[in-house]
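Contents: one structure, followed by commentary.
The values are calculated or read from the model by the stated rules, or taken from the named source; none is laboratory data. All of these numbers come straight from a predicted model, not from anything done at the bench. In this analysis, Cβ positions are derived from the backbone assuming ideal geometry, glycine residues included, and neighbour counts consider all displayed protein chains. Side chains are part of the model used for accessible areas, which takes the heavy atoms of the whole protein and leaves out ligands, DNA and RNA. Shrake-Rupley method; radii C 1.70, N 1.55, O 1.52, S 1.80 Å.
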Amino acid sequence: INHIVHNGGLYKRPFNEAFEETPMLVAVLTYVGYGVLTLFGYLRDFMRQWKIEKCQNATEREEQKDFVPLYQDFENFYNRNLYMRIRDSWNRPICSVPGAKVDMMERVSHDYNWTFTYTGRVIKDIINMGSYNYLGFAQKTGACQEAAAKVLSQYGAGVCSTRQEMGNLDKHEELEKLVARFLGVESAMAYGMGFATNSMNIPALVGKGCLILSDELNHASLVLGARLSGATIRIFKHNNMQSLEKLLKDAIVHGQPRTRRPWKKILILVEGIYSMEGSIVRLPEVIALKKKYKSYLYLDEAHSIGALGPSGRGVVDYFGLNPEDVDVMMGTFTKSFGAAGGYIGGKKELIDYLRTYSHSAAYATSMSPPVVEQIITSVKCIMGEDGTTIGRARVQQLAENTRYFRRRLKEMGFIIYGNEDSPVVPLMLYMPAKIGAFGREMLKRNIGVVVVGFPATPIIESRARFCLSAAHTKEMLDTALKEINEVGDLLQLKYSRRRLVPLLDRPFDETTYEETED
C-alpha cells in the first residue's frame, strides 16, 4: 500500500510510505517452513526426553518435576528448536568503534550454536549497516572524543549518586538547558538510560482512571511503561488515524467501564520513527486529533531526533510543526548522538513534576560526565554552535544516503518497508531459513547486517534491518548494494511485484512504478 498524503494542508511536504503486500506464495511457503521446523522441534524434544539426543537446554531438576513447569512455553520451544539454528546471527562481538566500518571477533560453534569458541582472528573493516550511528558521532577521533577525554580527566567516569543527592553536576545542568534549547521547549531533563526514560516516566504521568491510546507497533519500553502505570490501555492500528479517532470518540462518549465517569487523562503514545517498520508517525494528523479531543500526546523520538528534519531536530522539525503542540517530547542520546541515556522535554511544570516523582530521577545514578560531554559536543555541532557547518552537513548527508539506498534496493526488486525519508530500512526476508542465511552470506562478503525475527516482528515477517549513517560514503553504499543484490539473487529474495524503473533523467526525489507481469 502506497501512501502519498497531502491531506487538506496538514502536510507541508509529500508523505510517501510503502508497505507492499506479502505475495501469497511467499506467505504460504513461510508458514510451511515454520510448520516443518515446528514438527522437527517436537521430534527432537521427544528424542531428548528419551535420551536419544543430548539435551543442552535449561530444564527442571528431577526433584522439581512435580512443580509447575518453568520451561514449557512456546517462546522457549521456539528458542530451543528454531532460534538456536540461527543464533550465530546475533550477539556478534565487535572490537572497535561502531562507526561506518567495524572489526569483529571471529567465533565458531561445534555444537550447532549452543556454545561458541573464539578463534583469535579479527575480521577487519566490515561495512557496518546495523548500528544506530545516524550522524556518525560514534568515533574515536574528533571534537567529541577530545572533549569527552578532557571531562573524563576532570570529573572521572562515574558519579556514584542520584541527581537528588550528591550527583547533580554542572555538566548535567548545562546539558538540560542545551537540550531544551535544541528542542524548542521550556525545559528538559536527562536520564541515564533510554529504555527507563519511557518505562519509568509514563507511570509518573498517568495511573488508575487514565486511558492510554498506544500504537500497535510501539517499542517495548513504551509498552512496559504503559503496563506499569496501571492505566487502561487501548491499541490503535499502526499509524491509522481512523482507528485512533474511533478510540478517542468512544473514550469520550462512554467514559470509564462500569462507572461511565470521564477519564482523568487520555494520553496518546506514538514514536517518531518506528524502528522495525521504518515508518514515520503521521504527526500533523495526530496533533489535530489531540487538539480536537482535548487529550495529551507523548512522542518518543528515539530514532528520529537528529535523523530527521532540515536541522536535525526530529519529526517535529521534519513536518515544520510547533514543539509546544507535543505535550511530552521524549528521545534518546544512544543513536544520533553516539552516547547513552535519554531525555524528556516540555513545559517547565511538567519537568519540575518529573524531577520529584519520576523513579528514574529519584533512584537512578546520574549520567557519566564523559557521556554528558559527548552529548553536549554533538548537539552543539548539530546546532552549528561549534562554529562549523559539520553538523548540518551530516544531517543532509544522512538524508541523501537514505533516499539513494532505499531507491536502489527498490530498483533491484526487494520489498522495502517504511517511509522514503526514514534511515531505518527493513528488507523483507519472510522465510525462517533465509534469516540466518542472509546474515551469514553478508558477513562472508564483509558486510555487517542485523536480521530480525520473532518475537521482535510477527512470526512470518522476518526481515533484515539496515540503519544508514552520515558516515557511510557513496562507495561504501555501492559496495553494500552490490553484495545485497548478489545475495538477493542467491537466496531468491526479490519478491517485489512493483519494481522501480531506473530513469536517468528522473529527479532525485521522484519515484515511478511499473507492475511486473508476475
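Ranked by solvent-accessible area (1.4 Å probe, protein heavy atoms only, all chains present), the residues Trp263, Trp114, Trp50 order from largest to smallest as Trp50, Trp114, Trp263.
Our summary of shape: the Cα atoms of the range 141-381 have principal axis extents of 60, 38, 29 Å, ordered from largest down, in whole angstrom.
Most simply put, the range 141-381 has about 40% antiparallel DSSP beta bridges, counting only bridges with both residues inside it. Of the three principal axes defined by the Cα atoms of the chain, the extents in descending order read 67, 64, 55 Å. Residue-wise, which Karplus ³J(HN,Hα) couplings in Hz belong to the range 255-270, taking 6.51 cos²θ - 1.76 cosθ + 1.60, θ = phi - 60°, and x for glycine or proline? Each residue of the range 255-270 in turn: x, 6, x, 6, 7, 6, 6, x, 5, 5, 8, 10, 10, 9, 9, 9 Hz.
Could you tally the net charge around Ala470, taking each other residue with its Cβ under 10 Å from the Cβ of Ala470, Lys/Arg +1 and Asp/Glu -1? Let's see the in-between values first.
Details: positive: Arg394; negative: Glu400.
Net local charge, Ala470 excluded: 0.
Here is how the number arises for the chain: DSSP H runs of 4 or more residues each give -39500 (n - 2.57), the sum is divided by the residue count, and the result at 222 nm is -12000 deg cm²/dmol. With an a/c value of 1.5 or above and a/b not larger than b/c for the gyration tensor axes a ≥ b ≥ c computed over the alpha-carbon atoms, the range 416-490 is described as oblate.
Other residues with beta-carbon under 10 Å from the beta-carbon of Arg92 carry, at +1 per Lys or Arg and -1 per Asp or Glu, a net charge of -1.
Can you figure out the FRET efficiency of Thr389 with Lys474, using R₀ = 30 Å and their beta-carbon distance, to the nearest 0.05? Computed FRET efficiency for Thr389 and Lys474: 0.90.
The modelled label-to-label distance between Glu75 and Lys444, using points 7 Å beyond Cα along the C-beta direction, is 3.3 nm.
Binning all Cα-Cα separations of the range 203-260 at 10 Å, short to long from zero, yields these whole-percent fractions: 23, 50, 27, 1.
Counting heavy atoms of the protein chains only and a 1.4 Å probe, report the per residue accessible area for the chain as a whole number of Å².
So the chain comes to 47 Å² accessible per residue, rounded to a whole number.
Surface composition of the range 19-67: carbon plus sulfur atoms contribute 65% of the solvent-accessible area (1.4 Å probe, protein chains only, all chains present). Modelled spin labels at Glu400 and Thr259, positioned 7 Å past Cα toward Cβ, are 5.8 nm from each other. If you sort the three axes of the alpha carbon gyration tensor as a ≥ b ≥ c, you get a/c of 1.5 or more for the range 65-174 and a/b no higher than b/c, which makes it oblate. For Lys246, the lysines whose Cα comes closer than 23 Å to its Cα, not counting residues fewer than 8 places off in the same chain, are Lys208, Lys237, Lys264, Lys265, Lys290, Lys291, Lys292, Lys294.
For the range 141-381, the share of accessible area belonging to carbon and sulfur comes to 54 percent (1.4 Å probe, ligands and nucleic acids excluded). Label sites at Ala27 and Phe46, each approximated as a point 7 angstrom past Cα along Cα to Cβ, lie 3.2 nm apart. Its residue count N sets the reference 2.2 N^0.38 Å, and the alpha-carbon radius of gyration of the range 203-319 equals 1.06 times that reference.
Taking 0.36 nm per residue of separation and subtracting the Cα-Cα distance, what length does fully extending Arg13 through Arg355 add? Don't skip to the answer; put the middle values down first.
Values: separation 342, 0.36 × 342 = 123.12 nm, distance 3.74 nm.
Net length gain for the segment: 119.4 nm.
A full extension of the chain between His238 and Glu106 corresponds to an added length of 43.6 nm, given 0.36 nm per residue minus the alpha carbon distance. Considering only alpha-carbon pairs that sit under 8 angstrom and 6 or more positions apart, the relative contact order computed for the range 424-463 is 49 percent.
Our coupling estimate for the range 363-372, obtained by passing each phi through the Karplus curve with A = 6.51, B = -1.76, C = 1.60 and θ = phi - 60°, is 10, 8, 5, 5, 5, 5, x, x, 5, 4 Hz, Gly and Pro reported as x.
Between Glu165 and Phe116, what length comes free when the chain is fully extended (0.36 nm per residue of separation minus the Cα-Cα distance, one decimal in nm)? Spell out each step's value before the answer.
On the way: separation 49, 0.36 × 49 = 17.64 nm, distance 4.37 nm.
Extra length from Glu165 to Phe116 when fully extended: 13.3 nm.
Taken over the range 134-242, the convex hull of the Cα atoms encloses 172 Å³ per residue.
Sparsely packed loop sites in the range 176-260 (the trypsin sites (Lys or Arg not before Pro) outside DSSP H, G, I, E and B with at most 16 other Cβ atoms within 10 Å) comprise Lys208, Lys237, Arg258, Arg260.
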